[in-house]
Every structure is written in structure tokens, then in C-alpha cells.
Amino acid sequence: MRVIKGDASIILLGLVILLFVFGIIFSVFTFRSNPVDDALSANRVINVLFIIEDDKTPLSTYVLMYYPVTKRAAIFDIPGDLGLLISKINRVDRIDRVYDPARISGYENEIEKLLGIEINFNVIITKENLVSIIDLLEGVEIFIPSNVSYRDDDKVILFPSGITVLDGDKASLYATYSLPYEDSEMEVFRRQRFFLGFLERQIQMNEKLQNPSASKIYHSLFRTNISQRTLTLLFNEFTNIDTDRTNIQSVTGNLREVSGQMLIIPHWDGNLVKEVVRQTLGTLTREIEDHLIERTLTVEVLNGTVINGLAGRTAEMLRSFGYDVISISNADRNSYDNTLIIHRSGDDTLVKAFADVIRCTNIRREASVNLENDDDPINQNFEYKADITLLIGRNFNGRYVERN
């Protein structure tokens with residue numbers, strides 16, 4: 001009997017210990033801090049991967065970067081036909097070739113390497129669920145610049161021009177259709193405008209979606225690596241974003257044929273993309289006057305060299321950094337030795353940031369343009385006042401000024 005009692009005591013003690021351990025584990029998982037709260041308390045940029053998916057393939061991929069302290073955000077558009085050396089398959093191929101809807105870590109890792117950042121959260125929306133999401137948001141407002149009218153045996157696509165509110169079916173179609181005659185840049189622009197409109201509508205409707213039953217249905221339509229509570233907190237935080245001041249920057253490059261397919265090969269072996277991201281993050285986290293941060297400089301690019309197309313390629317590079325290039329042309333002659341920045345914006349901080357992009361120290365300030373002054377060859381090239389005129393000289397290698 002003593003042995004039996006001893007055994008019973010040991011068993012009872014073991015049960016008590018197990019209950020104690022399980023209690024600790026339960027407490028840790030119940031009361032541990034939320035990852036969004038952690039990011040907010042750490043005052044760091046939150047990077048969220050958004051994917052709109054159709055038939056297990058990403059149609060649109062965006063990385064939203066948000067800094068809670070300044071309440072500013074930026075978005076990078078990752079094209080599916082971006083050509084990278086994919087380590088998993090050990091060859092240059094489309095970045096979306098590694099996409100697996102059941103396990104997107106491989107795709108996410110390639111984007112992290114491309115941008116040089118760590119992605120904190122991901123949110124995936126299927127084309128089918130997008131319909132229900134937009135209907136719960138009571139539609140999304142979109143500006144359509146021109147009529148869209150297309151019919152064939154398989155589909156009919158009709159959208160009137162102007163500002164319109166699209167329901168779920170229409171919005172899903174607008175965000176995902178492709179037409180044989182549509183310019184690829186216009187298709188990218190259309191999908192970017194949709195994503196911004198979608199984000200803005202979420203912000204507008206966020207308070208109504210706080211209803212527990214509505215919230216449960218709404219968030220069940222997203223596939224994500226975070227809990228419903230965390231997703232709710234994340235969307236709550238995004239209500240601080242001013243979408244009118246949030247730009248979408250496309251990852252750009254040169255179009256080349258690789259293994260029988262046309263791919264976008266990032267400029268400068270992908271180093272330009274990382275530099276654009278670094279500058280963007282610096283802008284998001286820099287706490288200076290709003291008008292200095294939010295203002296977008298307009299730029300005129302003049303080619304003062306014998307290299308054909310240099311102004312166009314430079315303009316594309318500057319657009320990657322978010323600058324508004326409004327004019328591209330040749331200078332009055334093609335024999336300028338030194339690259340020159342002429343600025344008339346009034347914001348020295350912004351001009352210095354622009355000059356740092358191309359490592360140019362040759363800067364001239366100009367209060368106004370005297371169009372009647374024909375003695376200055378530079379003034380002959382513009383009939384308007386861009387914030388900055390970049391006159392490219394021989395010392396510009398297509399990316400940087402090599403000597404000043």
C-alpha cells in the first residue's frame with residue numbers, strides 16, 4: 001500500500017508540474033506583446049507585402065513602407081516580369097516564378113533581397129475575395145481617364161471615363177484585366193491607381209469595420225501571416241496615411257530577352273533599386289518641415305553630350321527616385337564638360353538631396369528665368385520654370401557625376 005501511495009503522490013506531483021508549465025506557456029502566448037505594438041514601440045518602419053493573386057499567380061505586388069512617428073508612407077510596385085538571378089533555381093528568371101501561394105516565403109525573400117529590407121507582414125488577396133472585400137467597403141472610387149470598351153468571344157470590358165465608384169465585380173475586373181492593345185505602362189498605372197484607391201477606401205471605412213461581426217468576415221477574406229487582431233491593429237494604424245501624398249514607385253530596368261522571354265533587368269545590377277529604397281526610407285523617417293518632405297520637385301533634363309538617349313535614361317532613373325521629370329531635350333550644344341544643376345525651387349534641402357542622388361556639387365541658384373536673355377544658352381531651352389534644370393555634361397556616366 002505504501003508503494004501505491006508513493007506512486008500516486010508522484011503522479012499527482014507530475015500533473016501539478018505539467019499544469020504549471022502549461023499555465024506559463026498559455027500566459028506567454030496570451031499576454032505577449034503584439035508584433036504591430038512591438039513595431040510601434042520600437043519606432044521603426046513597418047514593411048507590409050500586399051499581393052493581389054489570380055489562379056495562384058501574383059497579378060500585382062506592392063510593398064508598403066510606413067513610419068508611425070511621421071505618419072508617412074511609400075509604396076513600391078514589384079513587376080512580375082522583373083528579371084533576377086533566382087538562387088532557388090540558379091538562373092535568371094521572372095521573380096514571380098518562385099511564387100507559391102501555399103508558402104510565399106521564397107517569393108518574399110527575393111523581394112527582400114531586391115529592396116534591401118526586411119518584410120514584417122504579408123497580406124494576400126485572391127481575385128475572388130477581392131470582389132467580397134470591395135463590396136464590404138461599399139465600393140472603391142476610381143478616376144478613369146478615358147473610356148474602356150473591349151469585346152471579344154470571351155469577355156466584355158466596359159468602363160466610362162471620369163470619377164466612378166466601382167462595386168466588387170467591376171473593381172476586381174478593373175484591377176486584373178489585360179487587353180492586347182493597352183500600353184504596358186498604362187496597365188501598370190491603372191493597377192497602381194486602383195491599389196491607392198483601395199487603400200484609401202479601407203482608411204475611410206475602417207471605423208465601420210470595427211464592428212466585431214463585420215471585422216471577422218472582412219479579415220477572413222485576407223490570407224496573411226498575422227492574427228486577425230494584429231491585422232486589425234495594422235489597418236487601424238494605416239488610417240494615419242495620407243494617400244494623396246503617398247506615391248507608388250515602380251521598380252524599373254532595361255527590357256531584355258532572356259531565354260526566350262522579355263524581362264525587366266534592374267538598372268545597375270539592382271544597386272539603383274536599393275539606393276532608391278534607402279533614400280525613400282530616409283525621407284519617411286526624417287522629421288523636418290512638412291513642406292520640405294511632401295513637395296515633389298519638377299525636373300527638366302538637358303543632354304549636353306554626344307551620347308544619344310542619355311537624357312531619357314537619366315529621366316527614367318530620376319523618376320525611380322520619385323522626381324517629376326516634365327521635360328527631356330537636348331541642350332544648345334553637345335560639348336558641355338561639366339554637369340550643372342540649376343535650381344529655382346527655394347528649398348535648399350530638397351535640392352541638396354537631388355544633387356546627392358547624382359553626386360553633383362556644381363549647383364547654380366536662379367531666382368527666375370529671363371527668357372529674353374539669349375546670351376545664356378541654357379535659358380534658351382525652357383519656356384517654363386521647372387524647379388530644377390539638370391544639364392548633363394561629359395563628366396556624367398549615366399548614374400553619377402565622376403568629377404566636379
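The values are calculated or read from the model by the stated rules, or taken from the named source; none is laboratory data. From a predicted model like this one, the values you see are computed outputs, not experimental measurements. Please note: Cβ atoms are built from the backbone with ideal geometry, for glycine as well, and neighbour counts cover all protein chains shown. Heavy atoms of the whole protein, side chains included, go into the accessibility calculation; ligands, DNA and RNA do not. Shrake-Rupley method; radii C 1.70, N 1.55, O 1.52, S 1.80 Å.
Quick notes on this structure:
- Proximal lysines to residue 56, defined as alpha-carbon separation beneath 22 angstrom and excluding residues fewer than eight positions away on the same chain: 88, 127, 155, 170
- Electrostatic bookkeeping for residue 394 treats Lys and Arg as +1 and Asp and Glu as -1; over the other residues with beta carbon under 11 Å from its beta carbon, the sum is -1.
- Restricting the stretch 167-238 to chymotrypsin sites (Phe, Trp or Tyr not before Pro) in coil, as DSSP defines it, with at most 12 other Cβ within 10 Å: 181
- Å² per residue, accessible surface of the stretch 78-158 at 1.4 Å: 51 Å²
- Accessible surface for residue 259 stands near 110 Å², nearest 10, in the context of the full protein assembly shown (1.4 Å probe).
- Percent accessible area from carbon and sulfur atoms, the stretch 31-168, protein chains only, probe 1.4 Å: 46 percent
- Between the alpha-carbon centres of the stretch 96-141 and the stretch 167-234 there is a gap of 11 Å.
- Peptides 227-234, 64-71 ranked from most to least packed, by the mean per-residue count of other Cβ atoms within 10 Å: 64-71, 227-234.
- The alpha-carbon atoms of the stretch 114-262 define a convex hull whose volume equals 161 cubic angstrom per residue.
- Each of residue 366 and residue 57 was given a label point 7 Å from its Cα along the Cα-to-Cβ line. The distance between the two points is 4.9 nm.
- Environment charge at residue 109 (Cβ cut-off 12 Å; Lys +1, Arg +1, Asp -1, Glu -1): -2
- Local electrostatic count at residue 88 - Lys and Arg +1, Asp and Glu -1, tallied over other residues with Cβ under 11 Å: -1
- Remark: spin-label model distance residue 271-residue 228 equals 5.0 nm, labels positioned 7 Å along the Cα→Cβ axis.
- Computed about the Cα centre, the dipole magnitude for the stretch 120-246 is approximately 420 debye when only Lys and Arg (+1) and Asp and Glu (-1) carry charge, each at its Cβ.
- Straight-line cross-link partners of residue 352 among the lysines, defined as a Cα under 22 Å from its Cα and at least 8 positions apart when in the same chain: 274, 385.
- Entry note, the stretch 178-305: relative contact order of 14 percent, from Cα contacts under 8 Å with a spacing of 6+ residues.
- Placing dummy labels 7 Å off each Cα toward the beta-carbon, the span from residue 348 to residue 81 is 4.7 nm.
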